[in-house]
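The values are calculated or read from the model by the stated rules, or taken from the named source; none is laboratory data. Predicted model, so just to flag it, every value in this text is computed and none were measured. Cβ sites come from the backbone with ideal geometry, for glycine too, and all protein chains shown count toward neighbours.
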Amino acid sequence: MADLGRAALVVSLGLVVYAFVAGFTAALTNRRRLAVSARNALFSAFGSTAIAATVLAVALVRHDFSFAYVAAHTNRTLSTPYALSAFWGGQEGSLLLWLLVLTGYGALAVALNRKLLRDLTVWVVPVLGGIASFFAFVLVAVASPFATQTATLDGAGLTPSLQNPYMVAHPPMLYLGYVGLAIPFAFAAGAMLSGRTDERWIVATRRWTLAAWMFLGFGQLLGAHWAYVEVGWGGYYAWDPVENAALMPWLAATAFLHSVMIQERKGMLKVWNMVLVALAFELSIFGTFLTRSGVVNSIHSFAKSPIGAWFLAFVVISSLFSLGLILWRLPLLKARTRLESALSREAAFLYNNLLLVALCLTVLWGVLFPIVTQLVKGETRTIGSPYYDFFLRAFGLPLLLLMGIGPLIAWRKTSARTLVRTLAWPGVVTIVCGVALVALGAGSSRPGLIAYTFSAFVLAAIALELIRGTRATGSLTTLISRNRRRYGGYVVHAAIVLLAIGVAGSSAYGSSTERRLTPGQSVSIGGYTLTLQDVRRRHVPNATETRAVLDVTGGWNGTISSGDNQYVNPPEPSREIGLKTNWLRGEDLYVIADSANPTTKVVFVKVLVKPLVNLIWIAGFVFLLGSAIALWPDAREQRRLVTRLAPARAA
């Protein structure tokens, strides 16, 4: 089985290298049959990579400890879902997943566009082949998942914190996002290589970009919920370098999705869009470098290994390739039109882009700063949450406001009087909500109050647009079906508003307290009283569980327990938090019990009340709904696409 897996990867390497070399040769010499063979090699590479992935998956499920990878990441007590999740729980397996998704994405994207964009896909194939060649080479020569050993009786097991349902879905979702960004990058590079720098590549890859962006965004929310319920520190996002590595390409892709609308409609921002699509792709590779190089400390990163140097080299080479292409094609990327007014929808999109990129680069500097100080001064200086929180407020709050203003402004230009009249109703709603919030005591946190009022403004603007459109069409369903992309975007904006409210509520208005308790002693917070009942310990298969049991009265009556598990295989501890959602009050009661001693019955308890935190998770599903609406196929749009591309196809 291991030999089959290794052979399949060697075949994949040969196929993608052929797609790269033969594809470039065919594109340069205009040899159609060679181009077809290069394309078929890319298709076949997905098949051979799927064989390799199947071999590893079967070995994991069967607990075949003659595979070094299986022995390092599973044991016999691991259930089948978690055994399969070990596929992406280790370095070699996650790289194999990357190659599998990349070849699958690439084959499907080329197959769907090979007729409409024949002159473009002939260049896309070698670009995708070059990217896949790097990953296939690493899997064959540097980090193979098919290394063998003498079979052991049992394996080392999976890290306890990864034995969580969210970890079954979170990493694959991120990979679908990370790898998906290679498709618009490949088509953008193909457009520049072919000299066809019009909007066709954007139209052809719009849904690919949306899908990658959706997976990356939802994957981060899954990871945030995992951190909230599993890591046990009371939060959901710690500005960890690897968390930031997923956030940065999402921010760049968000900017790209907004600015391409200006290029499609006005023929503007061509250079900017090329820069954004390259930035999103390079940041996805850079994030992979961070997790595999050992240059940053993170609970999400793999141990330091030589693979990091290979990824750094790939980031440098691909970045130089992107920069060289953009500089080479600058004359072809000149805009047909210019920005006419600072009060226009185009301008609002541009401001949105500048804020998103500024936030992205600010986060990037926060990640790079410890690395730079280590290289320059020989000492590591870290940047903490206050740095990120400051810039999140500085850039995030204006972004939130722009989400409400942008859709209400006309294209080309509008007068200040017209703008004020358009924003009147959302403005009134905002003022009323602000006054009500101050009366209710929300004025204790200025950033929280601003976030709430801006959120009210955005929701009022969305409602105004929906009411106007429904009056014109007679039906909300008809309205959305006529422009799924636009109104799907409004639903996504509503999801961001829910996210903003949840973040503001849980961080600005939450409360916490810490106490040392013995049985009978109590701690009170936010209308709750928690009384320690007992400290218990019991032995279960592969672990010893210790729990502090507390009686809760007040906002909710019942029992809550928290403590830790000490696992046997692997011999690691895992914090187990107590969590109760009070839907009537819109908050979570969150309990962390440390140093629980069943002999002395002493426990150190930290209790947190997290208002509105569940809006963050609800926002994830609203985000999926909006993305699905925007992605949903539209027959009229497809007809417009065919008509639009017909002249180029005939040429």
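For the range 376-412, give me each residue that is in a loop (DSSP other than H, G, I, E, B) and either in contact (Cβ under 8 Å) with a residue 12 or more places away in the chain or within 27 Å of the chain's Cα centre (by Cα) (or both).
Once the filter is applied, which keeps residues that are in a loop (DSSP other than H, G, I, E, B) and either in contact (Cβ under 8 Å) with a residue 12 or more places away in the chain or within 27 Å of the chain's Cα centre (by Cα) (or both), the range 376-412 yields 381, 382, 383, 384, 409, 410, 411, 412.
What's the number of the only condition in (1) among the polar types (S, T, N, Q); (2) free of Cβ contacts under 8 Å to residues at least 40 places away in the same chain; (3) touching a Ser or Thr at 6+ places or on another chain (Cβ under 9 Å) that residue 12 fails to meet?
(2)
Which residue, of 62, 32, is among the basic types (Lys, Arg), over 28 Å from the mean Cα position of the chain (by Cα), over 20 Å from residue 155 (Cβ atoms) and modelled with pLDDT under 95?
Going through 62, 32 in turn, the sole match is 32.
Please verify whether residue 175 is farther than 29 Å from residue 306 by Cβ and in contact with a Phe, Trp or Tyr (Cβ under 8 Å, 6 or more places away or on another chain), treating the condition exactly as stated. Give the steps one after another, and end with the answer.
On the way: farther than 29 Å from residue 306 by Cβ: no; in contact with a Phe, Trp or Tyr (Cβ under 8 Å, 6 or more places away or on another chain): yes.
In short, no.
Only one of 509, 528 is surrounded by 15 or more Cβ atoms within 10 Å (Cβ to Cβ), in contact with a helix residue (DSSP H, G or I) (Cβ under 8 Å, 6 or more places away or on another chain) and touching a residue at least 24 places away in the same chain (Cβ under 8 Å). Can you tell me which?
Of 509, 528, the one residue that is surrounded by 15 or more Cβ atoms within 10 Å (Cβ to Cβ), in contact with a helix residue (DSSP H, G or I) (Cβ under 8 Å, 6 or more places away or on another chain) and touching a residue at least 24 places away in the same chain (Cβ under 8 Å) is 509.
Which one of these does residue 509 not meet: (1) of a type in the set (Phe, Trp, Tyr); (2) out of contact with any strand residue (DSSP E or B) (no Cβ under 7 Å at 6 or more places or on another chain); (3) under 20 Å from residue 236 (Cβ atoms)?
Going through (1) of a type in the set (Phe, Trp, Tyr); (2) out of contact with any strand residue (DSSP E or B) (no Cβ under 7 Å at 6 or more places or on another chain); (3) under 20 Å from residue 236 (Cβ atoms) one by one, residue 509 breaks only (2).
Any idea which of 101, 110 is on the phi < 0 side of the Ramachandran plot, under 27 Å from the mean Cα position of the chain (by Cα) and modelled with pLDDT of 95 or more?
Matching residue, one of 101, 110: 101.
Pick out the one residue from 495, 472, 504 that is part of a helix (DSSP H, G or I), at pLDDT 95 or above, in contact with a helix residue (DSSP H, G or I) (Cβ under 8 Å, 6 or more places away or on another chain) and not polar (S, T, N, Q).
On the way: 472 fails: at pLDDT 95 or above; 504 fails: at pLDDT 95 or above.
That would be 495, the only listed residue that is part of a helix (DSSP H, G or I), at pLDDT 95 or above, in contact with a helix residue (DSSP H, G or I) (Cβ under 8 Å, 6 or more places away or on another chain) and not polar (S, T, N, Q).
Evaluate the following for residue 446: is it farther than 16 Å from residue 405 by Cα and charged (D, E, K, R)?
yes
Only one of (1) without any contact (Cβ under 8 Å) to a residue 60 or more places away in the chain; (2) under 21 Å from residue 500 (Cβ atoms); (3) polar (S, T, N, Q) fails for residue 444. Which number is that?
Of everything listed in (1) without any contact (Cβ under 8 Å) to a residue 60 or more places away in the chain; (2) under 21 Å from residue 500 (Cβ atoms); (3) polar (S, T, N, Q), residue 444 misses just condition (1).
Filter the helices (runs of 4 or more DSSP H) completely within the range 81-199 down to those with at least 1 residues that are within 19 Å of residue 18 (Cα to Cα).
Output list reads 91-113, 118-137, 182-194.
Which residue out of 224, 238, 211, 252 is surrounded by 24 or more Cβ atoms within 10 Å (Cβ to Cβ) and either over 14 Å from the mean Cα position of the chain (by Cα) or assigned to a helix (DSSP H, G or I) (or both)?
It is 252.
For the range 413-433, which positions are outside any helix (DSSP H, G or I) and either acidic (Asp, Glu) or crowded, with 16+ Cβ neighbours inside 10 Å (or both)?
Those that are outside any helix (DSSP H, G or I) and either acidic (Asp, Glu) or crowded, with 16+ Cβ neighbours inside 10 Å (or both): 413, 414, 423.
Mind listing just one residue for me: the one in the range 538-578 that is surrounded by fewer than 15 Cβ atoms within 10 Å (Cβ to Cβ) and touching an Asp or Glu at 6+ places or on another chain (Cβ under 7 Å) and, of those, farthest from residue 225 (Cα to Cα)?
538
Working carefully through the options 197, 150, find the one that is over 30 Å from residue 117 (Cβ atoms) and of a type in the set (S, T, N, Q).
Numbers: 197 fails: over 30 Å from residue 117 (Cβ atoms).
Of 197, 150, the one residue that is over 30 Å from residue 117 (Cβ atoms) and of a type in the set (S, T, N, Q) is 150.
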